[in-house]
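Read the figures in this text as sums done on the coordinates, not as results from a lab. These numbers were taken from a predicted model, which means no experiment stands behind them. Don't worry about glycine lacking a Cβ; one is built from the backbone with ideal geometry, like all the others, and counts go over all protein chains shown.
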Amino acid sequence: MRKLKESRRPEILDAALTVAAERGLDALSMRAVAQHLGLTPMALYGYFRSKDELLDGVVGRLLSEIPAPPAGIGWRETLERMAYGLREVAARHPAVLPLLLTRPAISPAAMRIVDITYEALLAAGIPPQQAPRLERMLSTFVIGHTLSEVSGRFGDGTLDPQARRAQVPAEQIPGHHALAEHLDTPIDWTEEFHADLRELFDLVESLARPEPSGRT
């Protein structure tokens, strides 16, 4: 009976992704997913006991798409591959990406991602007591930057930078006017993402133990 129940979980999670993509994350509910599959809501509870459990499953489904880095590469390349892996997943499933900022990492797939990051930080020579904090810092940056890209937060919206500045007297936003030349320059978000990662990795390296224990 357990195998029978587990066999439909991937189908249900795929349906949840479809509902969110078509109708938005706010519309993602047990009832909506059940209707998409032609099931009753009660039937869905045989696979997921609550909406929270369904959302945690969706997070795990997202993170399972990030390929594990190959063995034998350095810690920087490991973390970089994980970061770009998440960025690619976000491009495929932008509607549900906010869940990564609101759901704890409790699924096996989520724990696998976190564990790979822990191992990379230890390989960099980070003291064990610092590794969890640095994992949170790195993952929050990657998720936050990626979410800002796919959600439009980094875009012009209805006003370009010049039009935004025109709304407010110059003396009230002197910083904007001092940086006007740079604010009006088009941004390569991939390059900025990569540059930010490099600087974060430099910070990680600066916090490593003076004498790493043989890991590279």
Packing rank of 182-194, 99-111, where each peptide gets the mean count of other beta carbons within 10 Å, highest leading: 99-111, 182-194
Sum up the charges of everything whose Cβ sits under 13 Å from the Cβ of residue 197, counting Lys and Arg as +1 and Asp and Glu as -1, but leave residue 197 out. -4
FRET efficiency, 1/(1 + (r/R0)^6) with R0 41 Å, evaluated for residue 42 and residue 166 via beta carbons: 0.15
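Based on the inverse mean of 1/r over its pairs of different Cα atoms, what is the Kirkwood hydrodynamic radius of region 2-49, in Å?
Values: mean 1/r = 0.0938 Å⁻¹.
Evaluated over region 2-49, this radius sits at 10.7 Å.
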Dipole of region 52-117, positive direction: furthest Cα of 82, 113, 98, with charges on the beta-carbon: 82
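Using the Cβ atoms and a cut-off under 11 Å, what net charge is assigned to the surroundings of residue 81, where Lys and Arg are +1 and Asp and Glu are -1?
Values: positive: 76, 87; negative: 77, 80, 88.
Local charge sum for residue 81: -1.
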If we count every other residue with Cβ under 12 angstrom of residue 70's Cβ, Lys/Arg +1 and Asp/Glu -1, where does the sum land? 0
So the FRET efficiency between residue 151 and residue 71, C-beta based with R0 = 41 Å and rounded to 0.05, is 0.75
Only Cα pairs under 8 Å and at least 6 apart count here; give the relative contact order of region 2-49 as a rounded whole percent. 35 percent
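Please compute the length gained on full extension between residue 14 and residue 50, using 0.36 nm multiplied by the number of residues separating them and subtracting their Cα-Cα distance. Each step should come with its number before you reach the end.
Numbers: separation 36, 0.36 × 36 = 12.96 nm, distance 1.68 nm.
Full extension from residue 14 to residue 50 adds 11.3 nm.
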Report the trypsin sites (Lys or Arg not before Pro) located in region 30-100 that are in a DSSP loop and have at most 11 other Cβ atoms inside 10 Å of their Cβ, or state none. 49
How much mean residue ellipticity at 222 nm does the chain get from its helices, if each DSSP H run of length 4 or more adds -39500 (n - 2.57) and you divide by all residues, to the nearest 500 deg cm²/dmol? -20000 deg cm²/dmol
Based on the mean of other beta carbon atoms within 10 Å per residue, what is the order of 138-148, 170-180, 63-73, most packed first? 138-148, 63-73, 170-180
For residue 103, which sequence-distant residues (separation of 5 or more, or a different chain) have an amide H within less than 5 Å of its own amide H, given hydrogens modelled in the peptide plane? none
Tell me which of 72, 50, 170 sits at the most positive position along the dipole axis of the chain, charges placed on C-beta atoms (Lys, Arg +1; Asp, Glu -1). 50
